[in-house]
Structure formats: C-alpha cells, structure tokens
Amino acid sequence: MVVTARGDVSATLAVADSIAKNGRGRRLPVHPELAIALKQQHKQLGKPRSGPVIPSRYGRNLKPRSIVNWFRTIYDELGLQGCSSHSGRRTFITRAARSVHKVGGSLKDVQELAGHSSLTTTEAYIAGDRDAQRRLVRLL
C-alpha cells in the first residue's frame, strides 16, 4: 500500500478493494509531511521491498484493533476527550470540504478521497461552522 515495486515509498497510498469498506479501493495522494516521515521510517527498516512500513511490535502488519488502541493512547496522553481513531478522518473530510475550492476541486473530489459511494455519506462527516456562516451571509 505504501511501497512501490522497486521498494521506494510511493507518492500515493493504494487502498485495495479487499481492505476497503464496501470494496471501494482507491489511490490517495500522500501529504508531503507524511511522505518525509514514511521515508525516514522506511530507511530505518533497511528499505524492505515488502512487508509493513510501520510494523507492529512483533514485526507484522498492524491489526485494526491495534490502530484503534494506538490512537486512544495518544489522545489520552494529550488529554483530548471524546476523540477516537475516526476523529482524524472526520477532521480531514471537513477541512478538505472547506478548502477544495482553492484548488479548483469540488465536493465530488472529497467524496472520492473518502471512498464514499454517495455524497450524502460525505456530507454527514462535514462539520458546520457558525462563524463561517455569519461571514458568508455578510459577504452576500
């Protein structure tokens, strides 16, 4: 999902149909800061051609439950209440929806990045912003 056939960290993450919810696989562009972190991690592992770039403590792929627990531990350490492993996904979708016009995109692009089959599903992830609504009304 992260490494190319040559063993380099890819510019995109491949989410295979077999692991994606409802079989909605896709390729996602990697944020430049994530690319740097993945390359550093990959280099520390000796640049393997296969296997996890971020292994479990046993060297195998992380299991979904392990990832959920990892996020819970981080949020608890930071004192963040009410956050879950899904919080970052919601934040990403909201921020992407608010910014997509700046790059000439549309909510359809956000929907595709999220892997949703319906824009209605994507809409449910997007948080409203009362201050932005007030600014919008004043702008009109």
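Throughout, read-outs are computed from the coordinates displayed, never taken from laboratory work. The model shown is predicted, which means the values in this text are computed figures rather than measured ones. Reconstructed Cβ throughout: ideal geometry from the backbone, glycine too, with neighbour counts over all protein chains shown.
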Taking Cα atoms only, helix 130-139 is inclined relative to the longest principal axis of the chain by an angle, in degrees rounded to 10, of 50 degrees
Of 117, 87, 99, whose Cα points farthest to the positive end of the dipole of segment 81-140 (charges on the beta-carbon: +1 Lys, Arg; -1 Asp, Glu; origin at the Cα centre)? 99
Only Cα pairs under 8 Å and at least 6 apart count here; give the relative contact order of segment 2-125 as a rounded whole percent. 17 percent
With just the Cα atoms of segment 81-140, tell me how far they stretch along each of the three principal axes, in Å, largest first. 36, 32, 19
In deg cm²/dmol, rounded to the nearest 500, the helical mean residue ellipticity at 222 nm of the chain, built from -39500 (n - 2.57) for every DSSP H run of length 4 or more, is -14500 deg cm²/dmol
FRET efficiency, 1/(1 + (r/R0)^6) with R0 25 Å, evaluated for residue 99 and residue 75 via beta carbons: 0.55
Relative packing of peptides 17-25, 64-72, 91-99, 130-138 - highest average C-beta neighbours within 10 Å first: 91-99, 64-72, 17-25, 130-138
Under 16 Å from the 7 Å Cα→Cβ point of residue 139, by amide nitrogen: which residues of segment 91-106? 95-106
If each K or R counts +1 and each D or E counts -1, the residues other than residue 89 whose Cβ falls under 12 Å of its Cβ total +3
Helix 64-78: angle to the longest alpha-carbon principal axis of the chain, degrees 0 to 90, nearest 10? 60 degrees
Against the rule of thumb 2.2 N^0.38 Å, how large the Cα Rg of the chain comes out: 1.23
Helix 87-99 versus the longest principal axis of the chain: what is the Cα-based angle in degrees, 0 to 90, to the nearest 10? 50 degrees
Name the residue, out of 41, 81, 111, whose mean-square fluctuation peaks in a Gaussian network model built on the chain with Cα pairs under 10 Å. 81
Cβ-placed point charges (K, R +1; D, E -1), dipole of the chain about Cα centre in debye, nearest 20: 160 debye
